[in-house]
Amino acid sequence: MPKRKILVTNALPYANGPIHLGHLLGYIQADIWVRFQRMRGHQCSYVCADDAHGTGIMLSAQQQGIAPEDLIARVNQEHQQDFRAFQVAFDNYYTTHSEENRVLSELIYQRCQANGHISSRRITQLYDPDKNMFLSDRFIKGECPKCGTPDQYGDNCEACGSTYNATDLGNPRSTISGATPVARESIHFFFKLPEFTELLKTWTRSGSLHPQVANKLAEWLDAGLQEWDISRDAPYFGFEIPGAGGKYFYVWLDAPIGYMASFQNLCARDAGLNFDDYWDAGQSVLANTELYHFIGKDIINFHALFWPAMLSTAGFRMPTALAVNGFVTVNGQKMSKSRGTFIKAATYLEYLNPEYLRYYYAAKLGSSPDDLDLNLEDFALRVNADVVGKVVNIASRCAGFIHKGFNGMLAADNPEPELLEEFQNSQSDIADFYEAREYAKAMRLIMALADKANQYIADRQPWTLAKTAPAAAEVQAVCSTGLNLFRILMIYLKPVLPAVAEQAESFLRTEPFTWHCSQNLLLNHSIGKFEPLMTRVDPARIEQMVEASRESLGSPGEATGPGMDSPLMQEPLAAEIEFPDFARVDLRVVRILQAEHVEGADKLLKLTLDLGPDAGGQAITRTVFSGIKSAYDPAHLKDKYTVLVANLKPRKMKFGLSEGMILAAGDKEGIYLLEPHEGARPGMRIT
């Protein structure tokens, strides 16, 4: 097989807070793929960096009374420590606040400008008069201009799914100071994205993207692309735009360029790597290099529209492919600090082995951008059953007999060629699954082989054979076969469980496993003493971890990221209303008969509600579209009771008619349906 030259990048974590289990999904997915490529003998470089610019960084540093540079330096070290603990082995972990990134950002901007793809115009924005700064959408909240739902961000409504301009919000307020923003004009710079529509239509359908991702992008492409605002006004923490007088590059312009900067920094320390071989449009073709971005599905517009368009006009290569992962839910719901399921990487490490999580994610990951649920009960059962009960158990059952009866020496001959060949011949299928990022399929095949290995040992019963001296040679043969089967399985699992694999290499006294080691057997080979490679998951430790992660809502002093309110602010009360206004609202108890995903909607669930019987005894049902998808698994909503605004005028949406609104409480911690007291029944009016 020809040696491939691959560059892999991961989405850049924001340098404003800790890594949590939701973040880790994408990094573990990428690390597994990188380790697999390296085991196959390919040259695979793996880089990442902290996303260190933007208003969020600036404000967080101000709250903590430190310089932004000090904040991002501290967080960078914390991030690297967490990634190392979870065996995510970057070749270089850098920062977007670097000289390399500044030079490359200016270069790409100037090339875009020289090619006529930058425009400027005066725009109207909301301005915080208390903080003397323009506000981005994520720092503005108000009433949705379409449905009137309060407490919505400045770009889209979570209740009805509408998108709009921040200037259209009713009763807007700054989430930074609480002040009422005012409209002001400012000159901004734009990247002419619509001019790349045909290029992007071709590229997004070229096989570089999963079909689900390509279909989502097609919606935006078919609706018509808009010019992309790439500038921000001072005060702002980032790079100044050359010759623009106090204007700064929007964080999302220089963030993906951080991939290039991190790799350039690596090239400066590794003489075997050439930057242009991987990034120059022409030279990368001649060098036959590959470029893969592993990202979350929430940032596909930046990576699959803005990024390739800028690269193409600036003379750089476009990505070979994007690997897109979904979000992580815990126990079927959005991660929540109040429930203790918003679990930081550092907290997890205090209680559990990081390779438990690596295996569980691998066992559920496919190539699609579907969300992944970390069910904590299933997590313990699966790791204990698969890794400990099936794979590690093989070595545990066989090693003792080899040491006790044969001085640690494996048999010189292979008594089970057909069984071992079956394991070896599975190499190709497992490799195909890894290559396609279908890790769950790979894990299922590996565990099916583990079942066969355990069945073989159970059928041969070396513990019974060992009781009779004439059977000694057969005991050695059976246990040697078992240990060779174990070794093959550990080779296949090494991308997922690198630490356990390293222990297995030491125990078996072999060189580090490569992918092709599975085709060789250990015959007449001396092994070391067996020590437990992995202990079982203790459910009590999971409970302790959840309890340690539980926080009251609005914990003071917590660092915030982009799109999050300041934790020091209390939600202001709405304007007073008269009692007759309130009396007009008909609130009724309802039972959720059915909940389902809405095709094409990122935030909505379609709910069928039981409103109780009418005067004639006939059941009344209502259909409501609700923006609670991020917090609830539809399967877990059936038969739950909640509260409906029953006399709200039906609203026509592009997905259907919504006949009311269910009540929920929400803040930066999550969304929580309101539930009536026990004993309430459908149709009861709340008074």
Express as a percent, rounded to the nearest 5, the fraction of DSSP beta bridges in the chain (both residues included) that run antiparallel. 70
Note on the stretch 588-646: alpha-carbon gyration tensor, axes a ≥ b ≥ c; rule is a/c under 1.5 for rounded, else prolate if a/b larger than b/c, else oblate; result prolate
Rg in Å to one decimal, and Dmax rounded to a whole Å, for the chain via C-alpha atoms: 28.6, 96
For the stretch 14-124, radius of gyration divided by Kirkwood radius, i.e. Rg to Rh on alpha-carbons: 1.07
Near Ile32, within a Cβ-to-Cβ distance under 14 Å, what is the net charge of the other residues, with Lys and Arg +1 and Asp and Glu -1? +4
Report the FRET efficiency, 1/(1 + (r/R0)^6), for Glu511 and Leu593, where r is their Cβ-Cβ distance and R0 is 60 Å, rounded to 0.05. 0.50
Fraction in percent of alpha-carbon pairs per bin - 5 Å, the stretch 67-143: 3, 10, 11, 11, 14, 17, 16, 11, 6, 1
Two-site FRET efficiency, Glu195 against Thr608, from Cβ-Cβ distance with R₀ of 60 Å, rounded to 0.05: 0.85
Taking every DSSP beta bridge with both residues inside the stretch 266-401, roughly what % is antiparallel (nearest 5)? 25
Accessible area (Å², per residue) of the chain, counting only protein heavy atoms and a probe of 1.4 Å: 43
Decide, for the stretch 4-66, between rounded, prolate and oblate: order the square roots of the alpha carbon gyration tensor eigenvalues as a ≥ b ≥ c, take rounded if a/c falls under 1.5, and otherwise choose prolate if a/b is larger than b/c, else oblate. prolate
The chain - percent of accessible surface contributed by carbon and sulfur, probe 1.4 Å: 49
So how far, in whole Å, is the C-alpha centre of the stretch 328-382 from the one of the stretch 131-148? 33
Computed over the chain: relative contact order in percent, which uses C-alpha pairs under 8 Å that are six or more apart: 14
Can you give the convex hull volume per residue for the Cα atoms of the stretch 465-507, as a whole number of Å³? 67
Restricting to DSSP H runs of at least four residues, report the calculated mean residue ellipticity at 222 nm for the chain, -39500 (n - 2.57) per run over all residues, nearest 500 deg cm²/dmol. -11500 deg cm²/dmol
Please label the shape of the stretch 260-301 as rounded, prolate or oblate, based on the square roots a ≥ b ≥ c of the eigenvalues of the alpha-carbon gyration tensor (a/c under 1.5 means rounded; beyond that, a/b larger than b/c means prolate, else oblate). oblate
How far, in nm, would the chain grow between Leu674 and Asp371 when pulled straight, counting 0.36 nm per residue and subtracting the alpha carbon separation? 106.6 nm
Given the convex hull over the Cα atoms of the stretch 345-487, what projected area results after averaging over all orientations, in nm²? 10.6
Which are the unpartnered cysteines of the chain, meaning those with no other cysteine Cβ under 4.7 Å from their Cβ? Cys44, Cys48, Cys112, Cys267, Cys517
Distance in nm between Gln544 and Ala244 label points, each 7 Å along Cα→Cβ, equals 5.1
Taking R0 as 45 Å, what FRET efficiency do you get between Glu78 and Arg205 from their Cβ-Cβ distance, rounded to the nearest 0.05? 0.65
Could you state the angle between the C-alpha long axis of helix 211-223 and the longest principal axis of the C-alpha atoms of the chain, as a value from 0 to 90 degrees rounded to the nearest 10? 20
If I model a spin label as a point 7 Å beyond the Cα along the Cα-Cβ vector, how far apart are those points for Met684 and Ile620 in nm? 1.6
Using alpha carbon centroids, what distance separates the stretch 521-540 and the stretch 404-449, in Å? 16
Along its principal axes, what span do the Cα atoms of the stretch 168-222 show, with the longest given first and each in whole Å? 48, 26, 18
Between Glu219 and Asp298, what length in nm is gained on full extension when 0.36 nm per residue of separation is reduced by their alpha carbon distance? 26.9 nm
Taking 0.36 nm per residue of separation and subtracting the Cα-Cα distance, what length does fully extending Asp233 through Asp276 add? 12.2 nm
For the chain, find the longest principal axis of its Cα atoms and tell me its angle to the long axis of helix 251-267, 0 to 90°, nearest 10. 30
In debye to the nearest 20, the charge dipole size for the chain, taken about the Cα centre with +1 at each Lys and Arg Cβ and -1 at each Asp and Glu Cβ, equals 780
Output the Cα-based Rg and Dmax of the stretch 412-466 in Å, rounding Rg to one decimal and Dmax to a whole number. 14.0, 45
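The values are calculated or read from the model by the stated rules, or taken from the named source; none is laboratory data. Note that the structure is predicted; figures quoted are calculated from it, not measured. Cβ coordinates were reconstructed from backbone atoms using ideal geometry, including for glycine residues, and neighbour counts include every protein chain displayed. Side chains included, ligands, DNA and RNA excluded: accessible areas come from the protein's heavy atoms. Shrake-Rupley method; radii C 1.70, N 1.55, O 1.52, S 1.80 Å.
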